[in-house]
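*Asks:* Handing you a structure now.
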Amino acid sequence: MPEAMAEARAAADRGEVPVGAVVVKDGAIVACAGNRMRELTDPTAHAEMLAIREACRVLGSERLTGCDLWVTLEPCPACAGAIAAARLSRLYYAAADPKSGGVAHGPRVFDHPQAHWTPEVYAGIGEAEAAELLKGFFAERR
């Protein structure tokens, strides 16, 4: 999670919502990213999407079975769908997202009967640090 937090802080420095994601395989980082939606003018440029795309490129496969995704915020429904499509084995996330989350909140993508893949999910890892970074980021903009 420290690497994902570093990506989140870098995203905040760029004026992006501070979310970071890291894909790990066999204990080694394969890809990491922070949000870049504003920079790339791309609403799909979430940290998770970018990290998944890069991991697929690096590993030469659209399937990331055996890989773990570490992310600083509960993935949104679109990112949860990408996690399922990529067949990531495990998802670790820090802060819950009651407003826009898609894993433990909202549509709960992995619990849906039509979910074709469900990773192991571990929530709350580094939650306080991630939540504080997000709260501080939004407080500065209000």
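*Asks:* When you go through Ala33, Ala85 one by one, which is the residue that is outside any loop (DSSP other than H, G, I, E, B) and crowded, with 17+ Cβ neighbours inside 10 Å?
*Replies:* On the way: Ala85 fails: crowded, with 17+ Cβ neighbours inside 10 Å.
Answer to the check: Ala33.
*Asks:* Is there any pair with a first residue in region 93-121 that is farther than 14 Å from Ala131 by Cβ and a second that is among the aliphatic types (A, V, I, L, M) and modelled with pLDDT under 95 whose Cβ atoms are under 8 Å apart and which are 6 or more apart or on different chains, and what are they?
*Replies:* Going by the 8 Å Cβ cut-off, the qualifying pairs are Val109/Ala115.
*Asks:* Another question, then. Residue by residue through region 56-82, note down the ones that are open to solvent by less than 10 Å² (accessible area, probe 1.4 Å) and of a type outside the set (A, V, I, L, M, F, W, C).
*Replies:* Taking region 56-82 first, the residues open to solvent by less than 10 Å² (accessible area, probe 1.4 Å) are 64, 67, 69, 71-72, 74-75, 79-80.
Of everything in region 56-82, those that are open to solvent by less than 10 Å² (accessible area, probe 1.4 Å) and of a type outside the set (A, V, I, L, M, F, W, C) turn out to be Thr72, Glu74, Pro75.
*Asks:* Which members of region 36-70 meet the condition of being charged (D, E, K, R), part of a helix (DSSP H, G or I) and either closer than 13 Å to Arg90 by Cβ or within 9 Å of the chain's Cα centre (by Cα) (or both)? First the steps, then the outcome.
*Replies:* Step one: filter region 36-70 for residues charged (D, E, K, R), giving 36, 38-39, 42, 48, 53-54, 57, 62-63, 68.
Restricting the remaining residues to those that are part of a helix (DSSP H, G or I) gives 38-39, 48, 53-54, 57.
Listed by number, the list holds a single entry, Glu48.
The values are calculated or read from the model by the stated rules, or taken from the named source; none is laboratory data. Quantities reported herein were computed from a predicted structural model and do not represent experimental measurements. Note that each Cβ is placed from the backbone with ideal geometry, even for glycine, and that neighbours are counted across all protein chains shown. Just the protein is used for accessible areas: all its heavy atoms, side chains included, with ligands, DNA and RNA removed. Shrake-Rupley method; radii C 1.70, N 1.55, O 1.52, S 1.80 Å.
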